[in-house]
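Enquirer: Sharing a structure with you now.
The values are calculated or read from the model by the stated rules, or taken from the named source; none is laboratory data. Worth saying up front: this structure is predicted, and the values here are computed from it rather than measured. Positions of Cβ are backbone-derived with ideal geometry, glycine not excepted, and every protein chain shown enters the neighbour counts.
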Amino acid sequence: MTTSLDVVLWVVIPYVCLVVFIGGHVWRYTYDKFGWTTRSSQLYESRLLRWGSPLFHFGILAVFAGHVIGLAIPKSWTDAVGISETAYHVVAVGTGLLAGLATLVGMTLLIYRRRTTGPVFSATTRMDKAMYLLLATVIMLGLWNTVGSSLLSLSGEYNYREGVSLWFRGIFTFQLHPELMAAAPLSFQAHGMAAMAIFALWPFTRLVHVFSAPLFYLWRPYVVYRAKSDRFGARAARPGWDRSEQTRR
Amino acid sequence: MRVMAQMSMVLNLDKCIGCHTCSVTCKQAWTNRSGTEYVWFNNVETRPGQGYPRTYEDQERWQGGWTLNKRGRLQLKAGSRLKNLATIFSSPKMPSIQDYYEPWTYDYEILTTAPLQQHTPVARPKSLISGKDMKITWSANWDDDLGGSEHLSADPVLAKVSDKVKLAYEQTFMFYLPRICEHCLNPACAASCPSGAIYKRAEDGIVLVDQDKCRGWRKCVTGCPYKKVYFNHKTGKAEKCTFCFPRVEVGLPTVCAETCVGRLRYIGLMLYDADAVLEAASVATDHELLESQRGVFLDPFDPSVIREAERAGIPRDWIDAAQRSPVWALINTYKVALPLHPEYRTMPMVWYIPPLSPVVDVVQETGEDAEAAGNLFAAIDTLRIPVEYLAELFTSGDTAPVTAVLKKLAAMRSYMRDINMGRDGDPSIPAAVGMTTHEMEAMFRLLAIAKYDERYVIPSAHAEQAHNLEELATECSLDYEGGPGMGGSGPFGEGSGTGTPLAVESFRTLKERQTSDTATDLNEPGARVNLLNWDGRGTPPGLFPGPGDPPDHSESDRGTPDRGTPDSGAHGTEPKP
Ligand code: HEM
Ligand code: SF4
Ligand code: SF4
C-alpha cells in the first residue's frame, strides 16, 4: 500500500528536484556564464590540493560510473549476458568500496584544507558550505550502503537492483514505483533523499563545472582564432534593446 | 599564404629608467580590483633579477611554453593534451600566490581612530589574501635596482651564464626589462586552455580571454612561459593583458606606451603568414628560432603580399599602416629588435632593443671615451657578462645577433656624436656595421626623436565596424566589476551576475579630447574650460570666467547652430533656421 507521504517523498520530490536541476542549469547558463567556473583555490594552496582533489575527483567519477551501471542497466540485461549475481556483486562492491573510499579520503582532505587554510576558508561561500554538507552526507550514506548493507548484510538481504534501481528508472519512464522506495532500508532512503537534495542545489553551486568537462580539448586545434561578429556588441542585446528590423543588416 | 595582421610592440631598453609608470597606469586602468591585487599586466623587472613571478624563466621548473617531442613535433612543454586533461584536478606546475607575492594594504583606519597615546599609531600591513596581519617579504619588484642582491643567485638566466663566467662584484651591471603579454603568434596559453576560452583575434592578433567561456581550469597559467596569464582569485577566471584593445581600436596606443616616461615603446602592425607559424616554431635548434620567426613576417611593400593581404580582407589603410610601422622598421629594416626568449617557441610579438648601457658603463668606468666606436666595439667583443646575459634573454644564448645589434647601437652613438658636435659624420662607422649614413640617421631619428604618431602607427578600426568593436569592450576583464546588481558577493561568489558595457566614456570622445589643441571651444562665447581636459599648462582662455561673460546658465545660447559647437552632438546638427 502506498501512502500519500510515499507519493510526496518518492514521486513529487524527485520530479521537483529534476525540474529544479534542469531549469536551474538553463537559467544559470543563460544569466550567469561569468559565474560558471570551478572557482579554483589552487593559487592559495597546492600541497593538500595535490592529493585531495585528484583522489576526490577520480573517486567520484568512478562512483558516478558505478551508479550508471547499477541504476540504469536492468538486472535482466546483465543476466542475459551471463554475469552471475555473485560475480556482479563482488565487482560492484569491490570497485564501489575502492572508489567510495578514495572519494571520502579526498573529500576529507579538501574539507580539512578549506577549513584550515586561511585564504581558502575566507574564499568559501555559504553555497560551498551547503554543498559540502550535502555531498558529505550523500557520500557517507552511500558508503554505508555498500559496507553495512551489501557487505555485512546488516539490514537483511536487500538487492537494490530490484528495488531502488527500478524506482529510479521509473522516474524517467513514468512507471512510478514509490512503494519500492518505501520498502527500501532506511539508509537507502536517506541516501536517495540526500542525493535528490544535492541535485536540486547543484545548479546554484560551483558543481556546474561538471557540465563543462572539456573533453573537446582533445580534438580542437591548439590555437583558437576568433573574428568579430556582425552583431552589435559582443553579446546578444539585453532584453528591450534589440534593434528594430529595418536597421538590422 | 594566409596573411594576417598583428598588433605588436618594440621596447628600446636603453631608454627605460625603471620608473614603473607603465606598471602603475596599467594597474589603475585594468587590475585595480579585488581578485587582481597581485596582478601586474605590465611589470618592470630589474635584470639580473628573479623576475615576477619569481624564477618564472626556469621552464624546467614551471614547464611553460612549447618543446619538441621525440618525433620532433611541437608540443606543450607541460605535456600532451591527454596529460593536460588528466592533471586538471590539481595543476602540477601552477605558481602559488607566494611565488608572485602576497598583496597587502595598510590598516589606515587606525591612524584616525587610535586614542590619544604616547606613541604615534602605526598602520600595520594587512594581507589582501587572508585579511590577517602580515610581514612583507616580497613583492612584484622587491629586487628593484638590484636591491636585495642576495637574491641574485636565484635568477634563472644568470644561472645559465654564471657557470661559465663568474659574476665579479665590480662587473655588476643592471638594466630594466618592462614586460607585458607577448600576444604570441603561437600562444601556449591558448593551446593549454581546455575550454578554448583564450583566443587570438583574427583582425589584429590580440590574445584575449573570453570571460564567459573561461571555466577556471587554470591551465593557461602553466602554459604561458612568460607567466602573463593571471588567475583572478575572486572571480575564478583567468585574466591577461588586453593590449588595451578598446584604445587600440580607435587608434590610441596602449596605456603603458602612452604614459611611458622614456617614450621607448613603439606600436605598429606586422603582417605575417599564419600558415608558416607552426613550421617556424618547430625548427630543430633554439638558435634558428630568431631567423625562423623573422621569416614568418611578410614585407608589406611586396606587391604579392599586398595582393594576398587584400584578398584576406585586410583593409587598405591597414596595409599602409603596416608599411609605416615602426615595429617593422626596427625588426626588419634595421634589425635592432630581438624577441624575448624565442626558445619558448611561442613566437612572441613584443620585441626588445637590447640595452647598450651596461657596455657603456663599463667603458666609462675604465676612463676611456665611451662614445668612441672603436672602444665600444672592443668592449662588446670582450665583455662577456652583459652580452651573454642579453643573449640568454633575447636569442636563446646565441651571442652573434646580440653583438650585431649592440654594435649598431654603438656605431649610432659615436656617429651621431660627431654630427651633434657640428662635425661631419664619419661614414666608416656606419659602414663597419653594414649601414649607410642615410640609414644610420634614419634609425637615429626613429630611436631618438620620433614623435607620437611615428612611434604609434595604429590604424583605427573602420567606421562601419567601429560600433561592433567599441562594444567588443564588453569582453574585457573589467566587464563585470561594479555593474548593477553587483553589490559585492552574490550567492554564486564574488563577481557573478550579468555584466555592463565597458564604455563609460566613449573612446572616440576620449581621443577627441586628447588630440585637440585647446581645452575649450574658443568660438563659443562664455565657454569654460572643462577642468578634466585641462593639462595644467598655462591658463587657457576661459579658465576663469571674465567679468563680461554671460553667466553659466545661458544654456539656450550654447549650441545654437550659428555659434557652432561641433562636439555637442544633437545641437550642432540642427538645421539652420
Ligand atoms: C567531470 C570532470 C570534472 C572536472 C574536469 C573537474 C575539475 C575541477 C577543478 C579543476 C576544480 C578546482 C580545483 C582547485 O584548483 O581548487 C574542481 C573543484 C571541485 N570539484 Fe570538480 N571536476 C569534475 C567533476 C566533479 C564532480 C563530478 C564533482 C562532484 C560531484 C566535483 C566536485 C568538485 C568540488 C566539490 C570541488 C571543490 C574542491 C575544493 O576546492 O574544495 N567535480 N573540479
Ligand atoms: S605571452 Fe601572452 S600570448 Fe604569449 S603565451 Fe603568454 S599570455 Fe599567451
Ligand atoms: S614607463 Fe617607460 S621608462 Fe618608466 S619603467 Fe615603464 S617602460 Fe621604463
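Enquirer: If B:Leu409 meets every condition in (1) in contact with a strand residue (DSSP E or B) (Cβ under 9 Å, 6 or more places away or on another chain); (2) surrounded by fewer than 22 Cβ atoms within 10 Å (Cβ to Cβ) apart from one, which number is that one?
Expert: Every condition holds for B:Leu409 apart from (2).
Enquirer: Condition check: touching a Phe, Trp or Tyr at 6+ places or on another chain (Cβ under 7 Å) and more than 16 Å from ligand 3 (Cβ to nearest atom). Does B:Arg201 satisfy that?
Expert: So B:Arg201 does not fit the description; no.
Enquirer: Now a separate question. Please go through the range A:1-52 and give me each residue that is of a type in the set (S, T, N, Q), under 22 Å from B:Ser195 (Cβ atoms) and more than 9 Å from chain B (Cβ to nearest Cβ), ordered by number.
Expert: Selection gives A:Thr30 alone.
Enquirer: Just to check your reading of the model, which residue among B:Ser139, B:Ser130 is more than 16 Å from ligand 3 (Cβ to nearest atom) and within 30 Å of B:Cys193 (Cα to Cα)?
Expert: Residue meeting the stated conditions: B:Ser130.
Enquirer: Of the numbered conditions (1) more than 18 Å from B:Trp328 (Cα to Cα); (2) within 16 Å of ligand 3 (Cβ to nearest atom), B:Asn232 satisfies every one except a single condition; which is it?
Expert: It fails just one condition, (2).
Enquirer: OK, next. Restricting attention to the range B:204-230, which residues are away from ligand 1 (no atom under 16 Å from the Cβ), surrounded by 24 or more Cβ atoms within 10 Å (Cβ to Cβ) and at the interface with another protein chain (Cβ under 8 Å from one of its Cβ atoms)?
Expert: Answer for the range B:204-230, where residues must be away from ligand 1 (no atom under 16 Å from the Cβ), surrounded by 24 or more Cβ atoms within 10 Å (Cβ to Cβ) and at the interface with another protein chain (Cβ under 8 Å from one of its Cβ atoms): just B:Gln211.
Enquirer: What number goes with the only condition from (1) within 14 Å of chain A (Cβ to nearest Cβ); (2) part of a helix (DSSP H, G or I) that B:Leu290 does not pass?
Expert: (1) is the only condition that B:Leu290 fails.
Enquirer: What's the number of the condition B:Phe89 fails, among (1) assigned to a loop (DSSP other than H, G, I, E, B); (2) modelled with pLDDT of 95 or more; (3) more than 16 Å from ligand 1 (Cβ to nearest atom); (4) surrounded by fewer than 22 Cβ atoms within 10 Å (Cβ to Cβ)?
Expert: Unmet for B:Phe89, out of (1) assigned to a loop (DSSP other than H, G, I, E, B); (2) modelled with pLDDT of 95 or more; (3) more than 16 Å from ligand 1 (Cβ to nearest atom); (4) surrounded by fewer than 22 Cβ atoms within 10 Å (Cβ to Cβ): (3).
Enquirer: How about the range B:92-127: which of its residues are part of a helix (DSSP H, G or I) and among the polar types (S, T, N, Q)?
Expert: B:Gln98, B:Thr112, B:Thr113
Enquirer: Do you know which residues across the range B:18-54 are among the hydroxyl-bearing types (Ser, Thr, Tyr), surrounded by fewer than 19 Cβ atoms within 10 Å (Cβ to Cβ) and in a loop (DSSP other than H, G, I, E, B)?
Expert: Selection gives B:Ser34 alone.
Enquirer: Right, something else. On the given criteria, is B:Cys189 at pLDDT 80 or above, buried (at least 22 other Cβ atoms within 10 Å of the Cβ), within 16 Å of ligand 1 (Cβ to nearest atom) and within 12 Å of chain A (Cβ to nearest Cβ)?
Expert: Criteria not met by B:Cys189.
Enquirer: I've got another one for you. Are any residues in the range B:8-51 within 13 Å of the chain's Cα centre (by Cα) and polar (S, T, N, Q), and if so, which ones?
Expert: B:Ser8, B:Asn12, B:Thr21, B:Ser23, B:Thr25, B:Asn42, B:Asn43
Enquirer: Right, A:Ser84: out of contact with any Leu (no Cβ under 9 Å at 6 or more places or on another chain), of a type outside the set (A, V, I, L, M) and within 14 Å of chain B (Cβ to nearest Cβ) or not?
Expert: For A:Ser84, the condition - out of contact with any Leu (no Cβ under 9 Å at 6 or more places or on another chain), of a type outside the set (A, V, I, L, M) and within 14 Å of chain B (Cβ to nearest Cβ) - is not met.
Enquirer: When the residues of the range B:341-376 are filtered to those that are in contact with a strand residue (DSSP E or B) (Cβ under 7 Å, 6 or more places away or on another chain) and hydrophobic (A, V, I, L, M, F, W, C), which remaining residue is farthest from ligand 1 (Cβ to nearest atom)?
Expert: Going through the qualifying residues, I end up with B:Ile353.
Enquirer: Any residue that is away from ligand 2 (no atom under 15 Å from the Cβ) and within 16 Å of the chain's Cα centre (by Cα) - is there at least one of those in the range B:224-246?
Expert: Scanning the range B:224-246, I find at least one residue that is away from ligand 2 (no atom under 15 Å from the Cβ) and within 16 Å of the chain's Cα centre (by Cα), so the answer is yes.
Enquirer: Show the residue pairs meeting these rules: Cβ distance below 7 Å; 6+ apart or different chains; first residue within the range B:412-425 and without any contact (Cβ under 8 Å) to a residue 24 or more places away in the chain; second residue of a type in the set (Gly, Ala, Ser).
Expert: B:Asp418/B:Gly425; B:Ile419/B:Gly425
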